[in-house]
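Accompanying notes for the structure given below.
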Amino acid sequence: MADLQNIIAGLLIVIGAAFTLVASVGLLRLPDIYTRTHAASKAGTLGSGVALIALAVLTDDAATVSRALAGVVFFLLTAPISAHLLARAAYAAGYEMWEGSVHDDMKSAPPPLEE
């Protein structure tokens, strides 16, 4: 049983590392802040979540399993929201979209609240 746990955890770590690598390549290669935040939030969240699931598979301690799964839930709840807020703040600050972008959904949105 321990060998099966090690194999599954190893595969999950490799998969998580691959998604994290894709996120980092996306940060370097994509043309504007909006696509970069998309790559970082989607692939980075998936890579981190899969690595935490590998930890949950590998350990025998219930407290560690619950913390790892809570971390996955935390990543899934916070990363997309923070990426959305960063992209909205960048748009409000005037960062231009890539010239190859097809559609600007924020052009018709109401302006952000100012204090």
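The values are calculated or read from the model by the stated rules, or taken from the named source; none is laboratory data. Remember, predicted model here, so these are calculated numbers, not experimental data. All Cβ positions, glycine included, derive from the backbone under ideal geometry; neighbour counts span all protein chains shown. Accessible surface areas use protein heavy atoms only, side chains included; no ligands, DNA or RNA. Shrake-Rupley method; radii C 1.70, N 1.55, O 1.52, S 1.80 Å.
Some notes on this structure:
- The relative contact order of the chain comes to 27 percent, based on Cα pairs under 8 Å that sit 6 or more residues apart.
- Helical runs (DSSP H, four residues minimum) scored at -39500 (n - 2.57) apiece and divided by the length of the chain put the mean residue ellipticity at 222 nm at -27000 deg cm²/dmol.
- Computed E for Leu30/Val73 - FRET, C-beta separation, R0 25 angstrom, nearest 0.05: 0.35
- Between His84 and Ala18, full extension at 0.36 nm per residue minus the direct alpha carbon distance yields a gain of 21.4 nm.
- Computed magnitude of the charge dipole of the chain (debye, nearest 20; Cβ of K, R +1, Cβ of D, E -1): 140
- Toward the positive end of the charge dipole of the chain, with +1 on the Cβ of Lys and Arg and -1 on the Cβ of Asp and Glu, the farthest Cα among Gly94, Phe19, Gly71 is that of Phe19.
- Part-to-part distance (alpha-carbon centres) for the stretch 27-58 and the stretch 65-115, which is given in Å: 14
- With an a/c value of 1.5 or above and a/b larger than b/c for the gyration tensor axes a ≥ b ≥ c computed over the alpha-carbon atoms, the stretch 1-63 is described as prolate.
- Against the chain, whose longest principal axis is taken from its Cα atoms, helix 2-29 shows a tilt of about 20°.
- Rolling a 1.4 angstrom probe over the protein heavy atoms with all chains in place gives the chain an accessible area of 71 Å² per residue.
- J(HN,Hα) series, the stretch 66-83, from Karplus relation 6.51 cos²θ - 1.76 cosθ + 1.60, nearest Hz, glycine and proline x: 5, 5, 5, 5, 5, x, 4, 4, 4, 4, 5, 7, 9, 5, x, 5, 5, 5
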